[in-house]
1. Can you list which of the DSSP-assigned H helices in the chain have a Cα extent of 30 Å or more along the long axis and an average Kyte-Doolittle score of at least 1.0?
2. Could you order the peptides 249-256, 76-83, 264-271, 140-147 from most to least packed, using the average number of other C-beta atoms within 10 Å per residue?
3. How would you rank 37-43, 212-218, highest first, on the average number of other Cβ atoms within 10 Å across their residues?
4. For F85, F369, what's the largest-to-smallest order of accessible area, 1.4 Å probe?
5. Sorted by accessible area with a 1.4 angstrom probe, largest first, how do Y274, Y245 fall?
6. Per residue Cα convex hull volume for the chain, in cubic angstrom?
7. Relative contact order of the chain: what whole-number percent is it, with Cα pairs under 8 angstrom and at least 6 residues apart?
8. Using only protein heavy atoms and a 1.4 Å probe, report how much of W431 is accessible, in Å² to the nearest 10.
Amino acid sequence: MGGAKMTAVRSKPLGVWMCAALVVGNMIGSGVFMLPASLAPYGWNAVIAWILTIGGSLCLAYVFAKLAGAFPRAGGPFAYTEEAFGRAPGFLVAWSYWISVWVANAAIAIAAISYLSVFLPVIAKVPALPALLTVAVVWTATAINCAGARSAGWTQVVTTVLKLVPLIAVAGLAVSVLLRKGPAAITPFEPSALSGASITAAAALTLWALLGVETATIPADKVKDPARTIPRATLAGTAFAGLVYLVVSSGVLLLTPTAVLQGSNAPFVDFVSYHGGGDFRLALAAFATISALGALNGWSLIQGELPAAMAREGVFPAWFAKTSANGTPVRAHLVSSVLVTILVLMNYAKSMADAFTFMALLSTTSTLFAYLFCSLAVLRLQGQGRMDRSKALTLVAALGALYSVWTFSGAGWSVTLWGLVLLAVGAPIYWLMRRAAR
């Protein structure tokens with residue numbers, strides 16, 4: 001334990017650019033490239049869901065920014081929940097959040113292989129091959145992160161810059177289509193087709209794309225001046241990613257027939273192909289693969305740092321806290337990646353699009369527990385006089401809590417039940433840890 005802290009001090013800390021790249025890179029990953037296929041049946045309902053999701057995510061980003069400024073501790077959601085409600089709720093939030101991270105990594109890795117199938121169509125045709133390749137990229141990302149947080153940070157900066165290239169290109173194509181064909185190119189807006197249930201269901205998927213508002217708070221002990229750096233990176237990164245998603249995803253959804261997008265393994269590629277950009281098709285698929293791999297790298301950092309931070313706090317087994325010579329929690333990374341591997345292999349029989357949608361919803365549901373408790377934590381800490389009591393913060397935290405509860409209903413009973421089961425599994429582990437401590 002002491003050795004890990006000393007190593008963290010000697011290592012070069014993550015600055016504001018790396019933290020912002022972690023937030024943006026974790027948000028803009030597989031979601032922007034894969035979600036048009038999942039959202040295609042919802043049409044304009046999905047566009048409204050995007051607007052509501054971006055608003056809710058900005059509220060959550062403000063909540064995490066304020067919490068990080070007041071309590072710049074490693075562990076993020078766990079640390080803030082424990083400050084407000086105690087150790088047991090803190091553990092359950094950390095447990096559910098950790099589940100959401102490694103489930104997200106399974107979905108992101110699937111997305112990377114899904115776009116890679118554009119180059120190698122045999123991937124989508126040979127049973128079990130997508131699962132094996134998905135496992136391979138998971139362990140590649142694990143190896144990069146085991147080399148150290150700084151190595152993962154630079155990888156994140158590079159991949160974040162690269163992934164913006166195709167998004168700018170797709171946005172440009174959407175504008176070009178509008179200029180060439182006019183409003184007739186857009187899917188007609190029919191108020192009668194709007195549905196509260198459809199908007200709610202779509203919002204559960206769109207939140208998947210913006211998961212990550214909290215990621216800069218997890219490795220706080222590896223961040224330079226965390227009380228200032230983390231809030232700035234969190235707010236700026238969320239606002240930027242939200243704008244990108246609204247413009248690019250809505251453009252693809254409204255300018256492409258539902259039949260083209262629904263069930264697609266590479267919806268952005270099909271969007272470009274549909275509008276005659278055949279030569280650009282392979283380049284876009286390459287950038288989409290890089291984007292997903294960049295997000296996988298960022299979330300792999302989190303999947304190792306979180307259980308290690310929990311172990312240092314005494315709520316996860318101390319075995320997870322052991323670090324390598326460069327301060328990396330290798331054991332935590334290995335266990336997390338083993339769980340990702342098991343999840344991928346359990347779902348290998350599904351199509352890549354179906355497997356992605358299921359895991360995205362499961363990850364979102366697990367994360368919502370953390371978002372809800374952190375929003376409520378602000379309200380409780382304000383009541384205790386331990387945080388700024390401004391009315392603006394109270395209102396934003398209340399909206400963040402309401403948004404989290406609303407999004408739960410959109411995930412569907414099946415996925416929510418899975419999330420509750422996985423959450424319940426943490427209870428005996430907490431009991432065993434308490435017993436061992438006594």
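1. Working: long enough: 44-70 (40 Å, 1.48); 87-116 (43 Å, 1.26); 149-181 (48 Å, 1.16); 226-254 (41 Å, 1.16); 278-313 (53 Å, 0.63); 352-383 (47 Å, 1.22); 391-411 (31 Å, 1.21); 413-437 (36 Å, 1.13).
Once both thresholds are applied, what remains is 44-70, 87-116, 149-181, 226-254, 352-383, 391-411, 413-437.
2. Working: 249-256: 22.4, 76-83: 26.6, 264-271: 25.1, 140-147: 19.6.
Going by the mean number of other Cβ atoms within 10 Å, highest first, we get 76-83, 264-271, 249-256, 140-147.
3. On the way: 37-43: 22.4, 212-218: 29.3.
The packing order, highest mean first, is 212-218, 37-43.
4. On the way: F85 70, F369 25 Å².
Largest accessible area first, the list is F85, F369.
5. Numbers: Y274 115, Y245 0 Å².
The ordering from most to least exposed comes out as Y274, Y245.
6. Details: hull volume 56.8 nm³, N = 438.
Taking only Cα atoms, the chain has a hull volume of 130 Å³ per residue.
7. Numbers: 764 pairs, mean separation 155.6, N = 438.
That works out to 36 percent.
8. 130 Å²
The values are calculated or read from the model by the stated rules, or taken from the named source; none is laboratory data. Being a predicted model, the structure only gives us computed values, none of them experimental. Cβ sites come from the backbone with ideal geometry, for glycine too, and all protein chains shown count toward neighbours. Only protein heavy atoms, including side chains, enter the accessible area calculation; ligands, DNA and RNA are left aside. Shrake-Rupley method; radii C 1.70, N 1.55, O 1.52, S 1.80 Å.
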